[in-house]
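Since the structure comes first, as structure tokens, the remarks are kept for the end.
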Amino acid sequence: MLRSELRLSVPLFVAQAAVSNHTGLIARTGLAMPAVPFGSPAWQLPALVSYLHRLRQDEQDPSPELWRTHTERQAGPVPRPHIRYQTDGLHDPDAVCVLDIQLGPRDEETGWPAADLAVIEQEEGSCPFGRVTRRHGAEAIAAYAAEELSAERAALMDRARRHQDAALVRLAGLAQRAAEWADKVGAAAHADAAHVQADRARARITR
């Protein structure tokens, strides 16, 4: 069990992914970390957005190995989940935030991989999950990440003003930069989809 293996006694953030290939074969992988202080959608969604963006740039289909490598690589000031997680986060009472990710092969026209996201959050100490948020596609996921980061920035700035804490101001600046970057990724996905639609329209006109 996770608790005995890792000797954790804290609330968990879990990112679990199911990756399907062109034949429909599905492989699953899960990673976890303590939920405090960075195990929240605002701080962890950028890892998923950057993974989707990287697959688009490198023209690669998703795979469990690529996802684990990308997530376990600790880049930047925000830690990512790195503990191998074999339980189902949806049924783990210690998992207070779960990113349930469905990934599929890249779309041949847009170049973006198929992606569906469900974020399940529960109040710490409560039994049922309190909120479920779903997003479909890279553009919507990037927009959701930007929204969460913007809300996090506002909350941090409010705390910084009340406590006169320069560290919180720096953290708020990091959230703002990440939100702006997520916006750019979402805009790129939107532009690719618009380009495909324009090509289809032109093809219909020239028939």
Checklist entry - Around residue 116, with a cut-off of 12 angstrom between Cβ atoms, what is the net charge of the other residues, counting Lys and Arg +1 and Asp and Glu -1? => result +1
Checklist entry - Round to a whole number: what % of the accessible area of the stretch 163-204 belongs to carbon and sulfur, probe 1.4 Å? => result 56
Item to check | Within-13-Å neighbourhood charge of residue 149 [Cβ basis; K, R +1; D, E -1] | outcome: -2
Checklist entry - Over the chain, what is the relative contact order in whole percent, taking alpha-carbon pairs under 8 Å and six or more residues apart? => result 20
Item to check | Residue of 108, 147, 121 that the Gaussian network model of the chain assigns the largest fluctuation, springs spanning Cα pairs under 10 Å | outcome: 108
Next on the checklist: Taking a ≥ b ≥ c as the square roots of the Cα gyration tensor eigenvalues, with a/c under 1.5 meaning rounded and otherwise prolate when a/b beats b/c, else oblate, which class fits the stretch 12-129?
Outcome noted: prolate
Checklist entry - Could you give the length gained on full extension between residue 200 and residue 18, defined as 0.36 nm per residue of separation minus the Cα-Cα distance, in nm? => result 62.4 nm
Checklist entry - Taking springs between alpha-carbon atoms closer than 10 angstrom, which of 170, 80, 162 fluctuates most in the Gaussian network model of the chain? => result 162
Checklist entry - Which one of 88, 165, 183 has the biggest mean-square fluctuation once the chain is modelled by GNM with Cα springs under 10 Å? => result 165
Item to check | Stretch gain in nm, segment residue 136-residue 72, where the contour uses 0.36 nm per residue and the Cα spacing is subtracted | outcome: 20.6 nm
Checklist entry - In Å², what does the accessible area per residue of the chain work out to with a 1.4 Å probe? => result 55
Item to check | Neighbour net charge for residue 73 - beta-carbon separation under 12 angstrom, K R +1, D E -1 | outcome: +2
Checklist entry - What does the charge dipole of the chain about its Cα centre add up to, to the nearest 20 debye, if the Cβ of each Lys and Arg holds +1 and the Cβ of each Asp and Glu holds -1? => result 340
Checklist outcome for this item: Cα pairs beyond 27 Å in the chain, in percent, come to 34
Next on the checklist: At a 10 angstrom cut-off on C-beta neighbours, averaged per residue, how do the peptides 61-72, 96-107, 31-42 rank from highest to lowest?
Outcome noted: 96-107, 31-42, 61-72
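The values are calculated or read from the model by the stated rules, or taken from the named source; none is laboratory data. As the structure is a prediction and not an experimental result, all values here were calculated from the model. Quick reminder, even Gly has a Cβ in these numbers, built from the backbone with ideal geometry, and neighbours come from all protein chains shown. Please note that ligands, DNA and RNA were not included when accessible areas were found on the heavy atoms of the full protein model with its side chains. Shrake-Rupley method; radii C 1.70, N 1.55, O 1.52, S 1.80 Å.
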